[in-house]
Amino acid sequence: MAKLSVSDLKNLKEKVSKDMSLREGKAKILVTVHMGTCGIASGAREVMDALMKEMEEADRQDIRVMAAGCLGMCSSEPNVTVEIEGQGPIAYQYMDANKMRQVFKRHILKGEVQSDFALAKM
Amino acid sequence: MKELSLHIMDLAENGIAAQGNLIRIRVNEDIKANQLTIEISDNGKGIPKAMMSLITDPFVTSRTTRRVGMGLSLFKAAAERCGGVFELESEPGQGTRVKGSFIHDHIDRAPVGDMATSLVSLLAGYPEIDIDYTHMYDGRNFEFDTREIRVELDGVPLNEPAVLQHLKHAIKEELDHIKESYKERPDM
C-alpha cells in the first residue's frame, strides 16, 4: 500500500492544503461532464480524465467540475457543459480528450467559446 | 461498452441517481474457477416492485425510467453472452444490488479495463459519494474505501485535482501488484 499508506496520505494532505490556502475565491466557472450510459459508452471517462489533468496543471480554485447524467442528446455524446458566471452555459458535443484540452485552455481559461465543437448555447 | 470498468462506472452512477451515498463495488477474478464476478450495490431508494420485471428490458424504458434503462440491460447482455448470470435484487428504501458473472477466459468477455480511471472519474464528478471497492485476483485482495481516505485527508476534499491524480496512480499500482504476483508464481 505504498501510495495509500497513512503517512503517504498525511504528506499528500499537508501538500494539498498548503496549495489550497494559496488559492482563494469561490467557483465562478462550472464544468459539467455528462456521464450517463450514453456518455460513458462514448468516452466520457477519457474526457473527465483529461479535464482532471488540466485542472491539476491550472491550479485554479474558481473552477468547479461535476458530473451529471444524460443531457438528452445521446447521439452527440460525450457532452460537456461550460458555464462561466454571468454568461449562458455552452454545451459541447462529440468531445474527446484533445477537444477537452482545447476547450479548457481556450474557453475555460481565456473565455473564447470554441464554437466548432459547440452543440448549443443554452 | 469496451471495458467492464465502464459498466461498473455506469452502474455506480445508477446508485448515485437513486440517491445512494455509499457505493460498494466487488470485483472477483477467480482464476482457478475461471470465473469473474462483478457486484455493485448502493444504499439508494431501491426499485419499486412493479418495475423489477421490466427493468432490464431496454424497450420498456420510457423517459422517466431511463435512469435504469440501457445500463442494466447492457450489463446483463454482457454477462449472459460470456456464459454468466445476471442477478438483481432491490429493496425499496434499502438499496439495490446488481451482480454479473462471466467465464473469465470467455472470448467475448471485455477486459476489466482501467478501473483506476473509472473510480477517480466518479470521485471527480461526485465528490460527496463514498466508494467501497474491493478487487480480488486469485485470492489476493486490494481494498479501497473513500471513507478511510477521507479520515486521513482530514478535510482536504477528494476532488482536489492533486488528490485525484495521486489516488489514480495508487489504485493502478495496487491493482498491477495483485495481478503481477500471480504471474510470478513458479507453479503457474
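The values are calculated or read from the model by the stated rules, or taken from the named source; none is laboratory data. For clarity, every value in this text was computed on a predicted model and none was experimentally measured. Cβ coordinates were reconstructed from backbone atoms using ideal geometry, including for glycine residues, and neighbour counts include every protein chain displayed. These area figures cover heavy atoms from the full protein model, side chains too; ligands, DNA and RNA do not enter into them. Shrake-Rupley method; radii C 1.70, N 1.55, O 1.52, S 1.80 Å.
Restricting the search to the stretch A:34-44, which residues are crowded, with 24+ Cβ neighbours inside 10 Å and out of contact with any Pro (no Cβ under 6 Å at 6 or more places or on another chain)?
A:34, A:35, A:36, A:37, A:38, A:40
Residue check: is residue A:52 touching a Pro at 6+ places or on another chain (Cβ under 8 Å), assigned to a loop (DSSP other than H, G, I, E, B) and open to solvent by less than 50 Å² (accessible area, probe 1.4 Å)?
No; evaluated as a whole, the condition is false for this residue.
Only residues that are open to solvent by 30 Å² or more (accessible area, probe 1.4 Å), at pLDDT 85 or above and under 27 Å from residue B:108 (Cα atoms): list them for the stretch B:38-77, please.
B:39, B:74, B:76, B:77
I'm trying to understand the selection: among the residues of the stretch B:113-132, which are away from every other protein chain (no Cβ under 12 Å) and open to solvent by less than 10 Å² (accessible area, probe 1.4 Å)?
B:131
Restricting the stretch A:112-122 to residues that are open to solvent by less than 70 Å² (accessible area, probe 1.4 Å) and touching a helix residue (DSSP H, G or I) at 6+ places or on another chain (Cβ under 8 Å), which is farthest from residue A:40 (Cα to Cα)?
Among residues in the stretch A:112-122 that are open to solvent by less than 70 Å² (accessible area, probe 1.4 Å) and touching a helix residue (DSSP H, G or I) at 6+ places or on another chain (Cβ under 8 Å), the one farthest from residue A:40 (Cα to Cα) is A:113.
How do the helices (runs of 4 or more DSSP H) wholly within the stretch B:90-188 filter down when requiring 2 or more residues that are without any contact (Cβ under 8 Å) to a residue 24 or more places away in the chain: which remain?
Here the list reads B:146-153, B:161-184.
Of everything in the stretch B:151-188, what is basic (Lys, Arg) and modelled with pLDDT under 95? Give them in sequence order.
Within the stretch B:151-188, B:179, B:183, B:185 meet the criteria.
Picking from B:71, B:84, which residue would you name as being in contact (Cβ under 8 Å) with a residue 60 or more places away in the chain and touching a Ser or Thr at 6+ places or on another chain (Cβ under 6 Å)?
B:71
Select from the stretch B:152-176 the residues that are over 22 Å from residue A:66 (Cα atoms) and more than 9 Å from every other protein chain (Cβ to nearest Cβ) and write down the one among them that is surrounded by the most Cβ atoms within 10 Å (Cβ to Cβ).
B:175
Do we find that residue B:83 is part of a strand (DSSP E or B) and out of contact with any Leu (no Cβ under 7 Å at 6 or more places or on another chain) in this structure?
no
Can you pull out the residues in the stretch B:1-27 that are open to solvent by less than 20 Å² (accessible area, probe 1.4 Å) and assigned to a strand (DSSP E or B)?
Passing the criteria: B:23, B:25, B:27.
Look at residue A:83 and say whether it is surrounded by fewer than 19 Cβ atoms within 10 Å (Cβ to Cβ) and either more than 10 Å from chain B (Cβ to nearest Cβ) or over 23 Å from residue B:16 (Cα atoms) (or both).
Taking the combined requirement at face value, the residue satisfies it.
Pull out all pairs, ordered by first then second residue, where Cβ-Cβ is under 8 Å, the residues are six or more apart or on different chains, the first lies in the stretch B:1-18 and is facing another protein chain (nearest Cβ under 9 Å), and the second is open to solvent by less than 10 Å² (accessible area, probe 1.4 Å) and charged (D, E, K, R).
B:1/B:10; B:6/A:45; B:9/A:45
Starting from the stretch A:22-46, take each residue that is more than 7 Å from chain B (Cβ to nearest Cβ) and within 15 Å of residue A:76 (Cβ to Cβ) and list its partners that are open to solvent by 30 Å² or more (accessible area, probe 1.4 Å) and at pLDDT 90 or above, counting only C-beta distances under 7 angstrom and pairs at least six apart or across chains.
Here the result reads A:32/A:66; A:43/A:96, each pair linking the stretch A:22-46 to a residue that is open to solvent by 30 Å² or more (accessible area, probe 1.4 Å) and at pLDDT 90 or above.
Mind telling me which of the residues A:71, A:109 ends up being open to solvent by 10 Å² or more (accessible area, probe 1.4 Å) and either away from chain B (no Cβ under 14 Å) or of a type in the set (Gly, Ala, Ser) (or both)?
Among A:71, A:109, only A:109 is open to solvent by 10 Å² or more (accessible area, probe 1.4 Å) and either away from chain B (no Cβ under 14 Å) or of a type in the set (Gly, Ala, Ser) (or both).
Residue check: is residue A:87 in contact with a Lys or Arg (Cβ under 6 Å, 6 or more places away or on another chain) and among the polar types (S, T, N, Q)?
no
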